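Engineer: Would you mind keeping the following structure in view while I ask a few things?
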There are 2 protein chains.
Amino acid sequence: MINPHFKEFLRSQEETFLTPAENLAVLIDTHNMDHAKLVLTHMAYSRVPVVTQEGKFVGTIGLTEITRYQLENELSDEDLNQDISSIVKTDVAVVSEFYSLTQVMHDLIDQSFLPVVDQDGFFKGIITRKAILKAINSMLHKFADDYVIEEKDDSH
Amino acid sequence: MINPHFKEFLRSQEETFLTPAENLAVLIDTHNMDHAKLVLTHMAYSRVPVVTQEGKFVGTIGLTEITRYQLENELSDEDLNQDISSIVKTDVAVVSEFYSLTQVMHDLIDQSFLPVVDQDGFFKGIITRKAILKAINSMLHKFADDYVIEEKDDSH
């Protein structure tokens, strides 16, 4: 379990954890692969969330899936006029809106961002390693403004 | 500045920070683009370090650079028989072997991994967000085994 004082400090910065869906580049599962390829080539992120037209979470996609599909099937860029749904990565860890910090920290060790999905399956945004590192960095610098830390005395 | 107690705790796990060069997939700057594309398509990482034949650090490369080059120049995969040196991303933050934790935490906010380069320019390995998050997670759980944390009393 995460120490309650750390949890309290980090929870106080919680509004910085979530990047809301409306601030994110996402792809729709009916988008064509060539469109997805173009978008992914010209953005700063190597992987983006994929949602349905209605906003339900489907998975994530990166250039890796598109290039792999293209190489394996020997397809030219002109052959990429089919939707991305068949190649979206769907085995992705997600968290609910009522996530625990312990869970988030654990899952972010293996995934560079965690999609946040509500109980009806709608995509609400992502929590990234970057955002958590920012909050942690602030904690490493400022925690001692509010708390006294002392080494335990082994002689007792 | 990072609180000295946190620094001490994290420094005690320092051997887990660095993934040494010999455990990493890297590309050589004389490798052809088609080889790089194949390697990057079949690995778990979206970006890898690029070094010279002698082991000096050059930069990093991902599918993004290759796909962008291919799209902009309308090249087929057969046209990719040229070396990657012209498209390697070289504006990359690096740290020395004598890095400070403060610097590493700061730079990892904008870059998912930091190449570690010695004074002669040789590539020694990388420090990833993942490795730092692992160490931080361990700190969040175990710090209070060795330290007493108390809220400061505002009445004084």
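The values are calculated or read from the model by the stated rules, or taken from the named source; none is laboratory data. For clarity, every value in this text was computed on a predicted model and none was experimentally measured. Neighbour counts are summed over all protein chains in view; Cβ atoms, including those assigned to glycine, are modelled from backbone coordinates with ideal geometry. Side chains are part of the model used for accessible areas, which takes the heavy atoms of the whole protein and leaves out ligands, DNA and RNA. Shrake-Rupley method; radii C 1.70, N 1.55, O 1.52, S 1.80 Å.
Engineer: I'm checking my understanding of the structure. Among residues of the stretch B:29-51 that are closer than 18 Å to B:LEU114 by Cα and open to solvent by 30 Å² or more (accessible area, probe 1.4 Å), which one is farthest from the chain's Cα centre (by Cα)?
Structural biologist: To start, the set of residues in the stretch B:29-51 that are closer than 18 Å to B:LEU114 by Cα comprises B:44-51.
Cutting the leftovers down to open to solvent by 30 Å² or more (accessible area, probe 1.4 Å) gives us B:44-47.
Details: B:ALA44: 14, B:TYR45: 11, B:SER46: 12, B:ARG47: 9 Å.
So the residue we want is B:ALA44.
Engineer: Another question, if that's okay. Would you mention how many residues in the stretch B:1-28 are open to solvent by less than 60 Å² (accessible area, probe 1.4 Å), over 16 Å from B:LYS130 (Cα atoms) and among the hydroxyl-bearing types (Ser, Thr, Tyr)?
Structural biologist: Selection size over the stretch B:1-28: 0.
Engineer: Looking only at strands (runs of 3 or more DSSP E) that fall completely inside the stretch A:79-156, which ones have 3 or more residues that are more than 16 Å from A:GLY59 (Cβ to Cβ)?
Structural biologist: Answer list for the stretch A:79-156: A:147-151.
Engineer: So which of A:SER76, A:SER100 ends up being farther than 30 Å from B:HIS141 by Cβ and free of Cβ contacts under 8 Å to residues at least 12 places away in the same chain?
Structural biologist: Among A:SER76, A:SER100, only A:SER76 is farther than 30 Å from B:HIS141 by Cβ and free of Cβ contacts under 8 Å to residues at least 12 places away in the same chain.
Engineer: Which condition number in (1) within 13 Å of chain A (Cβ to nearest Cβ); (2) touching a Leu at 6+ places or on another chain (Cβ under 9 Å); (3) crowded, with 17+ Cβ neighbours inside 10 Å; (4) aliphatic (A, V, I, L, M) is the one that B:ILE109 fails?
Structural biologist: Unmet condition: (3).
Engineer: For the stretch B:55-73: of the residues being of a type in the set (Ser, Thr, Tyr) and at the interface with another protein chain (Cβ under 9 Å from one of its Cβ atoms), which is least open to solvent (accessible area, probe 1.4 Å)? Full working, then the answer.
Structural biologist: First pass over the stretch B:55-73, keeping only residues of a type in the set (Ser, Thr, Tyr): B:60, B:64, B:67, B:69.
The next check asks that each one be at the interface with another protein chain (Cβ under 9 Å from one of its Cβ atoms); those that pass are B:64, B:67.
Working: B:THR64: 23, B:THR67: 5 Å².
Among them, the one singled out is B:THR67.
Engineer: Tell me which of these B:LEU38 doesn't satisfy, since it passes every other one: (1) without any contact (Cβ under 8 Å) to a residue 24 or more places away in the chain; (2) not in a helix (DSSP H, G or I).
Structural biologist: So B:LEU38 meets the others, but not (2).
Engineer: I'd like the full set of residues that are open to solvent by less than 40 Å² (accessible area, probe 1.4 Å), away from every other protein chain (no Cβ under 14 Å) and at pLDDT below 95, limited to the stretch A:74-106.
Structural biologist: Correct list: A:TYR99 only.
Engineer: Here's a follow-up. Please determine, by comparing only the residues of the stretch A:112-156 that are of a type in the set (A, V, I, L, M) and farther than 17 Å from B:MET139 by Cα, which one is nearest to the other protein chains (Cβ to nearest Cβ).
Structural biologist: Applying the filter and picking the extreme gives A:ALA131.
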